[in-house]
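Taking it in order: structure first as structure tokens, then the write-up.
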Amino acid sequence: RLTTVSAGVDSIGLAGGDFPLSQLREMAATGKSVESRLFAFWTLHSTMLLDGAVLAKLAKDKEPAVRAWVARFSGEHRNYSDEGWHWLRQLARDPEPTVRVAAAVAARQRVSGSLTVNTPPPLGGSTVNLLTTLIASSPNANDLTLGHTVWMAMEPLVARDPKFGFDLLGSANVRTAAFAGTLIYKTMRRVCDLQNPAQLDAALEFLGSLPATDPLLAFALNGLVDG
């Protein structure tokens, strides 16, 4: 239980005594159990003493739970440095699905000020590259949690300008991805919700650019019809 933070930020006051900041950082990196490491990690986060150096180090950690929270904290801290984008893209292609979900949540936090409603975004860095990496690195179309979280990160940008969605879904890396069909279906439905004739024209133009044999065409048409 956090009680105080000393003015010098050399130690953190916890129920039981002061805890040196250097020791807390060391525990986050090399603690004997995952639980103790996450305790230290969360304490650094909740006291606003979590810096980029700690995140960069733990982004390469062997424990998936630690890597997942690196991604989440990166989103919550709005870290838009080049280094921050670099490690977040690394986590977006992580072999562990829970880490990729955490990276998708961080992507959502970079395009909207809220996780549940669309508010003005704290944009920074290349969100397109992050989303492309997430979509291209997800091999299982049946992973509904990851698919929904990726869409939640895309949706504010699609609602702001549907051309973003068409450009993203038209790129080679995304068109062949497992989630591509689901995402193009949702994009078409979202464009219909906007009830903007010019944006509907753009949707039809995108449809016209798809080859008749393209598997995505059926998903796109279904989304347009349902919308």
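The values are calculated or read from the model by the stated rules, or taken from the named source; none is laboratory data. Since the structure is predicted, the reported quantities are computational estimates derived from the model, not experimental observations. Here Cβ is always computed from backbone atoms with ideal geometry, including for glycine, and neighbour counts include all displayed protein chains. Only protein heavy atoms, including side chains, enter the accessible area calculation; ligands, DNA and RNA are left aside. Shrake-Rupley method; radii C 1.70, N 1.55, O 1.52, S 1.80 Å.
Over the chain, with the other protein chains present, what is the accessible area per residue in square angstrom, probe 1.4 angstrom? Display every interim value, and only then the final one.
Values: 10960 Å² over 227 residues.
Heavy-atom accessible area per residue stands at 48 Å².
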* To do: Can you tell me the dipole magnitude for region 27-114 around its Cα centre, using point charges on the Cβ only (Lys, Arg +1; Asp, Glu -1), in Debye to the nearest 20?
  => 160
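To the nearest 500 deg cm²/dmol, what mean residue ellipticity at 222 nm is calculated for the chain from DSSP H runs of n ≥ 4 alone, each contributing -39,500 (n - 2.57), summed and divided by the residues?
Values: 13 runs with 148 residues, N = 227.
So the helix-based figure for the chain works out to -20000 deg cm²/dmol.
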* Tell me, what HN-Hα J-couplings in whole Hz come from the Karplus equation 6.51 cos²θ - 1.76 cosθ + 1.60 at θ = phi - 60° for each residue of region 172-179, using x for Gly and Pro? -> 4, 5, 8, 4, 9, 7, 4, 7
* To do: Treating the angle as unsigned and between 0 and 90°, give the value, to the nearest 10°, between the Cα long axis of helix 34-46 and the longest Cα principal axis of the chain.
  => 80
* Structure fact -> Given Cβ charges of +1 for Lys and Arg and -1 for Asp and Glu, the option among P197, T149, A172 whose Cα lies farthest towards the positive end of the dipole of the chain is T149
* Asked: Straight-line reach from K186: which aspartates and glutamates have a Cα under 19 Å away, not including same-chain ones fewer than 8 places off?
  -> D143, E155, D161, D167, D201, E205, D214, D226
* To do: Taking each pair of different alpha-carbon atoms in region 123-227 once, compute 1/r for the pair, average those values, and report the inverse of that mean as the Kirkwood hydrodynamic radius in Å to one decimal.
  => 13.6
* Asked: Using a simple spin-label model with points 7 Å from Cα along the Cα→Cβ vector, what separation in nm is obtained for T213 and N173?
  -> 2.6
* May I ask you to derive the relative contact order of region 89-195, considering only C-alpha pairs under 8 Å and at least 6 residues apart, and to give it as an integer percent? => 26
* Structure fact -> Dividing the surface of the Cα convex hull of the chain by four yields a projected area in nm² of 13.6
* Asked: Using a cut-off of 14 Å between alpha-carbon atoms, which aspartates and glutamates can reach K57, once sequence neighbours fewer than 8 places away in the same chain are excluded?
  -> E26, E83
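Under unit Cβ charges (Lys, Arg +1; Asp, Glu -1), what dipole magnitude, rounded to 20 debye, does the chain have relative to its Cα centre? If you can, show how the numbers build up before the last one.
On the way: 21 positive and 21 negative charges, 52 e Å.
Dipole about the Cα centre, nearest 20: 260 debye.
State the percentage of accessible surface on the chain attributable to carbon and sulfur atoms; use a 1.4 Å probe and exclude ligands, DNA and RNA.
On the way: 6070 of 10960 Å².
Summing carbon and sulfur atoms, their accessible area is 55 percent of the total for the chain.
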* **Calculated from backbone phi, Karplus (6.51, -1.76, 1.60) coupling profile of region 218-225 in Hz, x at Gly/Pro** => 5, 4, 5, 5, 4, x, 5, 5
* Structure fact -> Computed over the chain: longest principal axis from alpha-carbon atoms vs helix 127-136 long axis, angle to nearest 10 degrees, is 80
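Looking at the chain, identify the longest residue range that excludes and avoids all trypsin sites (Lys or Arg not before Pro) in DSSP loops having at most 15 other Cβ atoms within 10 Å. It would help to have the intermediate numbers written out before the result.
On the way: sites that count: R1, K32, K60, K62, R78, R93.
So the longest stretch without any such site is 94-227.
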* Asked: Taking the alpha-carbon centroid of each part, what is the distance from region 127-147 to region 158-215 in angstrom?
  -> 16
* Nearest-ten-degree value, helix 97-111 long axis tilted from longest Cα axis of the chain -> 80
* **Positive-end residue, region 63-179 charge dipole about Cα centroid, Cβ charges, pick of S112, V99, A65** => S112
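Between N140 and S22, what's the calculated FRET efficiency when r is the beta-carbon distance and R0 is 30 Å? Round to 0.05. All intermediate terms of the calculation are to be shown ahead of the outcome.
Numbers: r = 41 Å, r/R0 = 1.38.
After rounding to 0.05, the efficiency reads 0.15.
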